[in-house]
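The values are calculated or read from the model by the stated rules, or taken from the named source; none is laboratory data. Everything numeric here is computed off the predicted structure, so don't read it as measured data. Please note: Cβ atoms are built from the backbone with ideal geometry, for glycine as well, and neighbour counts cover all protein chains shown. When the accessible area is computed, the model is the full protein with side chains, heavy atoms only, and any ligands, DNA or RNA have been set aside. Shrake-Rupley method; radii C 1.70, N 1.55, O 1.52, S 1.80 Å.
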Amino acid sequence: MGTIREGHIGYREAVALLAIMLITKVFLTCPSNISDLGGTAGWLVVLVYLLVAVVAVLPGLALLKRYPDRTLIEVAEEFGGAITGILVALLLFGYFLLSTVIIMRQFTETVIVALLPTTPISLITVFFLLGMLYPCYQGIESLTRGAWLLMPFFALGLFGVLALVLPWANPDYLFPFWGPGLPAILKAGPMKSSMLGEILLVTLLNPYLRDRQKVTAVVMSSLIISGLIFTLTVLVYQMVFPYPASGTEITYPMYNLARLIYFGRFVQRVESIFIFIWVFSLLVNVSALFYGTTVSLARGLNLPFYRPLLFPVAVLIYSLNFLILNFPTAAWLDAEVLHNYGWIIAFGLPALVWLLAKLRDKGGGSHGIHPQNNG
Amino acid sequence: MSIWSKIKAIFTIDDYYMDETFSLGDRPIRQSPQEGQGQSKQESGKAESSKPESGKPQKRGGFVLPKKPLKTSESREKAKKQTKSSGKGEKEEQSHPGSETEQINHSREIYSNLSKNLEKLKARFHIPPNIDVIIREFTIPLEPQLKGAIAFMEGLASRDTINSHVLMPLMLLSNLDEKGRNANPVSIVMERLLPGNQVEIKDSFDDLMEGILTGTTMVLLDGYPTGLLVETKGWEHRTVSRPNVENVVRGPQEAFVEHIRVNTALVRKRLHCNTLVTEMFKLGRLSNVHCALLYIEGLTNPKLVAEVRRRIKGIDTDYISDTGTLEQFIEDNPASLLPGQLSTERPDRVAAALAEGHVAMLVDGDPFALIMPVTFWSLIHTAEDAYIRWPYGSLLRAIRILALFINLLLPSFYISIVNFHPEMIPTDLLLAIAASRESIPFPAIWEVVMMELAFDLIREAGIRIPSIIGPTLGIVGALILGQAAVAANIVSPLLVIIVALTGLGSFAIPNYGLTAAMRTLRFVFLFLSAFLGFYGLAIGVFLVVIHICGQKSVGVPIMSPVSPFRPPSGDVVYRQPVWKQEQRPVFMRPLARRRQPKITRPWATQLKEGEDRQNQDTNTGKQDTNAEQQDTNAEQQDTNAEQQDTNAEQQDTNAEQQDTKGGKQDGDN
């Protein structure tokens, strides 16, 4: 396997990156979808799928702890042969590629609606591509550190919006408490756990963690932090916009929340300021996904570097971006495909590789040290 | 010239005037074999080979193939070794083999024959035409009489010292002494006749030359193949004066000067400890300037010292004269936006940095020191932050961060809002802006760029302007920027406020390198926001954040200890009270992490549990009593901080095991 060299990722930086990645969906249509699915109990759906994700991620974590110096692809190759390795790499590549493209298209459309109504989408996309190419050229170390540095601003922006719209919140909108009923919520949970599927990236970052033993803490912290913030957001959103409208009428929940802010004469119409937070978080998200796309391809092809692939893959993303017909298609792909079936790859693939490794690896790997760790 | 020929010349069409033009490039000038004495053989060889080509039209056309194969790093190393082993300026194989005298002149040997030596000296220093080296021959009235000569560099050596401490004893006082006649005259001269405080015997002619070049006086005796170097340095330099750039209200008011030994002394007088080490290097083949590397042995991470030493030693160039040039040779990433070193003119800042485990560099002739490694946060620190009480210090830093943001983003914000997001502005303000912009014929971006450029012009002119006509600049600037531009409806009054605030913001940033970076970025952001509004600006800011997070200064991430996160040392933006800053910054990986014991103010009444802790920890007891003395005089605490360090060092030996463990981890990382 190629030895792709990167720097070191500390615990906080890793959590910052993954948490921001997972929270980013808050800025797109996701809260609407959840609200549509769970009715007045949308926030309960989020809690349920958070729980499901926390459990579903366990086999993958076991794998990472067992082979701390290798990525998912390398483990798959070692125990399943070259074909399996390439297959796993391609699946990862496809998953990350699809996520990148869908999120990018949704976001660029949002920018047009919210900020730059007359600018052609291609220009917006090109600048967005620049914003994600540079961090990947710099490497994952810079990206995680940047994410950690921007974390306070995210927190400030997100909680700022949520706090400032509280005057419009009406707790009565949260009832009936169970929404469509407990069984429906429980049913929605597993499928929607795909919303947290991007945690899959950790299988590629694992070897670069400064403290590899902390991988469980990294994964769990990012899942729980982002899950709880998501819950809170949906909760506030549903308190401000009552159910049927919250599910069907509103395309960009966070943007609409921010538009509501009116705090005296001077703190109003601040949604443009929050654009900063949105752009930052989307860029972190897409850069990380893009990194995942390229690195899984590079590792699958046994390349010692991934940077030469960045530009070609960016071009690929750019073209795929425009294959999506329009914004509703992108939103539909996001809600109905990626967020319903994404778990198969996000949680299923690591679990499968874990099973494979468990069956094939008799005792040798229990210490996590292998002679050929970069062979 | 007769009058007829002059008239004839008017009607003659020829190229005679072409004869008078002078060009460096047209005809190769034959290099004399002695030229480029300080240069290595390869350098001069290169110069010769490239000379005939330069200026010729053939070069313009396309590729000019190098006649010699390109130097690989390996061959360069080799060549370097060669020049080193064969001594500076020595050329064994000249392009012209050279006569015998030439060979003599380029050997390292000192001859017994004085006149031969002097001849060689003259040849080496190109006397004549060079007049800077003064050679004085004389006779020492020993038994038997001895011929001698001294040589020194005019201006670098102190005339008085030479007259009274070299010439006088040798020429006048040497016949007073009767004892030790049979001894070797060299040792007599060395031990009895030269009362200078530094006298060295040298066997190599190159050492003697180097001594003369740095202001010492060479003494040669006829009949003996050795030379003496007497310390007589005494060139003119500025006296220590107030800092020009880094002024403070409270704290020491002295700055470095252009003399390296004065500068090292300025640092040393703040760190009276035997562990402060000054290493000297020579930089530049032609400039041969002294460069000092300062660190505290046993505190500064040896890996850091070794790396900086390696970088300094690796420099292979002809001319370095200041820290600004040196900085560019040794920085981690030349493409980085932020400076990789902290440049300061304050000895107290250098001393404080050394006590934290940094290394510092001084270059002779430059009144600035370089502190390495640097973090982004130290670029917005000033020395004063530590000298005033902590709440004010923290506030000052917060204001500076605000200044940074204002300086960087305010114009772009204005452009974005006016161009793309006018809905953000409350109605009344919007009307005011619209009214003020109504009569302006330019788009907002054009207006901003114009004003920013005007401001930068004034700033640049203000630096370069002769100080006599300085006050005029203020009038011109204020009139142009303030009154006239608004009155002429070229810019809106609001914009004047914004540009003024931006300018103030940039002046509040204490580091010149950081200001320059922000100034550059400001224009980039301006265009991004003029192009894409907040969206473009946000992407720009994000890229800059990612860029900065990837930068390192001698291996230390420049955003530490915030990102990557390290346990804070209480001295980042929020500044803890001095007595609470017990640990040195972790990212420096100092050998001794603790700078003072847990309890530094045992007398404090609110510290009742402190006594219990003190009793528990017998080790810290000693230090605490030391600390007590210091702390009784709370005002002196800052100046005593260094002493505390030395005290704390003993204690650190306890913690050292931990630290070495940490060091191992660092090695892994």
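Numerical summary
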read-out	value
Test: residue in the stretch B:353-365 that is within 26 Å of A:Leu149 (Cβ to Cβ), at pLDDT 90 or above, out of contact with any helix residue (DSSP H, G or I) (no Cβ under 9 Å at 6 or more places or on another chain) and not in a loop (DSSP other than H, G, I, E, B)	no
Of all residues in the stretch B:479-513 being under 16 Å from B:Glu460 (Cα atoms) and open to solvent by 60 Å² or more (accessible area, probe 1.4 Å), the one that is nearest to the chain's Cα centre (by Cα)	B:Tyr512
Answer from A:Ser272, A:Ser281, A:Ser287 - the residue that is touching a His at 6+ places or on another chain (Cβ under 8 Å), in a helix (DSSP H, G or I) and either within 10 Å of chain B (Cβ to nearest Cβ) or in contact (Cβ under 8 Å) with a residue 60 or more places away in the chain (or both)	A:Ser272
Test: residue in the stretch A:249-259 that is open to solvent by 40 Å² or more (accessible area, probe 1.4 Å), within 14 Å of chain B (Cβ to nearest Cβ) and touching a strand residue (DSSP E or B) at 6+ places or on another chain (Cβ under 6 Å)	no
Qualifying positions in the stretch B:218-246 - among the β-branched types (Val, Ile, Thr) and either free of Cβ contacts under 8 Å to residues at least 60 places away in the same chain or open to solvent by 10 Å² or more (accessible area, probe 1.4 Å) (or both)	B:Thr226, B:Thr239, B:Val240, B:Val245
Residues being polar (S, T, N, Q) and under 25 Å from A:Ile140 (Cβ atoms) - total across the stretch A:5-53	1
Count of residues meeting criterion [away from every other protein chain (no Cβ under 14 Å) and either part of a helix (DSSP H, G or I) or touching a Gly at 6+ places or on another chain (Cβ under 9 Å) (or both)] in the stretch A:20-35	11
The listed residue being buried (at least 17 other Cβ atoms within 10 Å of the Cβ), within 17 Å of B:Arg270 (Cα to Cα) and not small (Gly, Ala, Ser), out of B:Phe368, B:Phe376	B:Phe368
Every residue from the stretch A:235-262 that is outside any helix (DSSP H, G or I) and closer than 15 Å to A:Trp168 by Cβ	A:Phe241, A:Pro242, A:Ile250, A:Ile261, A:Tyr262
Filter result (facing chain A (nearest Cβ under 9 Å) and either open to solvent by 20 Å² or more (accessible area, probe 1.4 Å) or over 24 Å from B:Val308 (Cβ atoms) (or both)) within the stretch B:549-562	B:Gly550, B:Val562
Enumeration of residues in the stretch B:563-574 that are open to solvent by 20 Å² or more (accessible area, probe 1.4 Å) and away from chain A (no Cβ under 13 Å)	B:Asp571, B:Tyr574
Of the criteria (1) at pLDDT 80 or above; (2) within 14 Å of chain B (Cβ to nearest Cβ), which one A:Ile229 fails	(2)
Single match in B:Pro466, B:Pro441, B:Pro426 (criterion: over 18 Å from B:Phe507 (Cα atoms) and within 14 Å of chain A (Cβ to nearest Cβ))	B:Pro426
Hits in the stretch B:383-441 (condition: of a type in the set (Val, Ile, Thr) and not in a helix (DSSP H, G or I))	B:Ile388, B:Ile425, B:Ile440
Output for the stretch B:250-290, where each listed residue is open to solvent by 50 Å² or more (accessible area, probe 1.4 Å) and basic (Lys, Arg)	B:Arg250, B:Arg261, B:Arg268, B:Lys269, B:Lys282, B:Arg285
Criterion (buried (at least 19 other Cβ atoms within 10 Å of the Cβ) and either under 30 Å from A:Leu260 (Cα atoms) or touching a Gly at 6+ places or on another chain (Cβ under 7 Å) (or both)) met by exactly one of A:Leu164, A:Leu205, A:Leu223	A:Leu223
Scan of the stretch B:470-525 for residues that are more than 19 Å from B:Ser336 (Cβ to Cβ) and among the polar types (S, T, N, Q), ordered by number	B:Thr472, B:Gln483, B:Asn489, B:Ser492, B:Thr502, B:Ser506
Residue tally, condition more than 14 Å from every other protein chain (Cβ to nearest Cβ) and either of a type in the set (Val, Ile, Thr) or crowded, with 19+ Cβ neighbours inside 10 Å (or both), over the stretch B:522-542	2
Test: A:Arg299 is basic (Lys, Arg), more than 21 Å from A:Lys25 (Cα to Cα) and assigned to a helix (DSSP H, G or I)	yes
Looking only at the stretch A:131-157, and only at residues there that are open to solvent by 40 Å² or more (accessible area, probe 1.4 Å) and facing chain B (nearest Cβ under 7 Å), the one that is nearest to A:Arg105 (Cα to Cα)	A:Tyr134
Residue that is crowded, with 22+ Cβ neighbours inside 10 Å and not assigned by TED's automatic domain parsing to the domain that holds B:Arg522, where the choices are B:Arg346, B:Arg309	B:Arg346
Per-region count, the stretch B:314-343, residues under 24 Å from B:Leu408 (Cβ atoms) and of a type in the set (Asp, Glu)	3
Failed condition for A:Ile86, given (1) assigned to a loop (DSSP other than H, G, I, E, B); (2) modelled with pLDDT of 90 or more	(1)
Checking A:Leu316 against (1) touching a helix residue (DSSP H, G or I) at 6+ places or on another chain (Cβ under 6 Å); (2) open to solvent by 20 Å² or more (accessible area, probe 1.4 Å), the condition it does not meet	(1)
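So that you can scan it fast, the table gives a plain yes or no per residue for (1) buried (at least 19 other Cβ atoms within 10 Å of the Cβ); (2) at pLDDT 85 or above; (3) under 21 Å from B:Glu231 (Cβ atoms):
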| position | (1), (2), (3) |
| --- | --- |
| B:Glu119 | no, yes, no |
| B:Ile127 | no, no, no |
| B:Val133 | yes, yes, yes |
| B:Phe138 | no, yes, yes |
| B:Lys147 | no, yes, no |
| B:Glu154 | no, yes, yes |
| B:Ser164 | no, yes, yes |
| B:Leu176 | no, no, no |
| B:Ala183 | no, no, no |
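Residues are listed down the side, and each one gets a yes or a no for (1) farther than 30 Å from A:Arg5 by Cβ; (2) within 16 Å of the chain's Cα centre (by Cα); (3) charged (D, E, K, R):
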site: A:Gly39; (1), (2), (3): yes, no, no
site: A:Leu51; (1), (2), (3): yes, no, no
site: A:Ala62; (1), (2), (3): no, no, no
site: A:Ile73; (1), (2), (3): no, no, no
site: A:Ser99; (1), (2), (3): no, yes, no
site: A:Glu109; (1), (2), (3): yes, no, yes
site: A:Pro117; (1), (2), (3): yes, no, no
site: A:Pro120; (1), (2), (3): yes, no, no
